[in-house]
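Data block below; observations after.
Every number in this text was worked out from the coordinates using simple rules, so none of it is lab data. Bear in mind the structure is a predicted one, so any value in this text is a computation, not a measurement. Here Cβ is always computed from backbone atoms with ideal geometry, including for glycine, and neighbour counts include all displayed protein chains.
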Amino acid sequence: MARFSDKVVLITGALGGIGAATVQWIARGGARLALTDLGKTAADVPAAITAGAAESAFWPADLSQQAEVDALFASVLAHYGRIDVLINVAGFDHDSGVPLEKVTLERLHKNLDTNLTTCFLCCQAAAKIMKEQKGGVIVNMSSLTWRGSPMQFSYSASKGGVYALTRSLALALGRDGIRVNAVAPALIEVESITKTVPLAMWEQIRKGIGGGYPLGRIGRPDEVGAAIAFLASEEASFITGQILEVSGGARL
Ligand SMILES: NC(=O)c1ccc[n+]([C@@H]2O[C@H](COP(=O)([O-])OP(=O)(O)OC[C@H]3O[C@@H](n4cnc5c(N)ncnc54)[C@H](O)[C@@H]3O)[C@@H](O)[C@H]2O)c1
């Protein structure tokens, strides 16, 4: 039997770099996919990423807004009748490289909203449904910056918050048969990062940062998707409250 057959899997940030790679892994497992992203439509979902899925449906939402999260979960429930797995990929560093004295309150709120509020609201909505179902799985997206980063103050705080939230949820929801884990990637090559800098500069960053990792390179989105799919699957049935660093050994 395929890894996710009969499972309804909701994936946020589904059309981003890591999100789309995660969708591919889950689709190959035969899932019934509920995909969501910000400012996109069903027409933006490439057929290639949903290959293998039993079914796929898409809803746009800004997940930092309570009303949009409520509407999303209501739509998924109306369509599929249940949610077995929630994978929270949505997030972004709006403040990368900004020195401490330049971090404004507005930017702090933006990063906390984008990375922690989105995750919190979706976990809260999913927990309600999964408790009634007496089971479910949540995988959250932290970042290796949860350990601290001197150039990503608000982002690392938000991703540390995701890790703490993951542990709290695992403690609170285990008896309801709900597992909650997180992945923490190091630098992963995605378009939303590469396209913000000139190619030559990106090559320098890629080699410079990747060269410092024990495996000697930065990561690929499919390598994060593989780790997420493992935590989301029954193969991880006795794992909860953990953070899995997908980092090529960085910061060991
Ligand atoms: N790429 C990396 O090096 C790296 C490393 C560690 C962690 N991460 C995390 O991985 C996740 C995916 O990032 P990515 O690298 O694929 O970048 P990405 O920009 O390609 O994907 C981020 C996705 O999140 C969505 N999103 C952002 N704000 C949202 C909101 N308010 N509501 C709904 N969706 C929203 C975006 O639309 C986008 O599809 C993020 O949480 C990011 O912080 C990335």
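Points to keep in mind about this one:
- Rounded tilt (10° steps) of 17-28 against the dominant C-alpha axis of the chain: 30 degrees
- Angle in degrees between helix 66-80 and the longest Cα principal axis of the chain, rounded to the nearest 10: 40 degrees
- Among the trypsin sites (Lys or Arg not before Pro) in segment 15-45, none is located in a DSSP loop while being surrounded by at most 16 other Cβ atoms within 10 Å of its own Cβ.
- Selection from TYR163, THR50, ALA34 lying farthest towards where the dipole of the chain points positive, charges on Cβ: TYR163
- If you model segment 67-192 as an ellipsoid using its alpha carbon gyration tensor, with each semi-axis the square root of five times an eigenvalue, the axes come out at 29, 15, 12 Å, biggest first.
- Segment 42-86: C-alpha gyration tensor shape, a/c 1.5 cut-off, then a/b vs b/c: oblate
- The loop-placed chymotrypsin sites (Phe, Trp or Tyr not before Pro) in segment 177-247, going by DSSP, that have at most 16 neighbouring Cβ atoms within 10 Å of their Cβ come out as PHE238.
- Packing, as the average of other Cβ atoms within 10 Å across residues, places the peptides 11-17, 100-106 in the order 11-17, 100-106, highest first.
- Against the chain, whose longest principal axis is taken from its Cα atoms, helix 199-212 shows a tilt of about 80°.
- C-alpha center-to-center spacing [segment 1-60, segment 96-173] in angstrom: 22 Å
- Per principal axis, descending, Cα span of segment 1-149 in whole Å: 53, 33, 30
- Stretched out straight at 0.36 nm per residue, the stretch from PHE238 to GLU106 would grow longer than its current Cα-Cα span by 43.5 nm.
- log₁₀ of I(q)/I(0) at q = 0.07, 0.13, 0.14 Å⁻¹ - the chain, Debye sum with one point per alpha carbon: -0.22, -0.78, -0.91
- Placing +1 on each Lys and Arg Cβ and -1 on each Asp and Glu Cβ, with no other charges, gives segment 140-252 a dipole about its Cα centre of roughly 360 debye.
- Among beta bridges that DSSP assigns inside the chain, antiparallel share in %, nearest 5: 0 percent
- The peptide list 122-128, 48-54, put in order of mean Cβ contacts within 10 Å with the highest first, becomes 122-128, 48-54.
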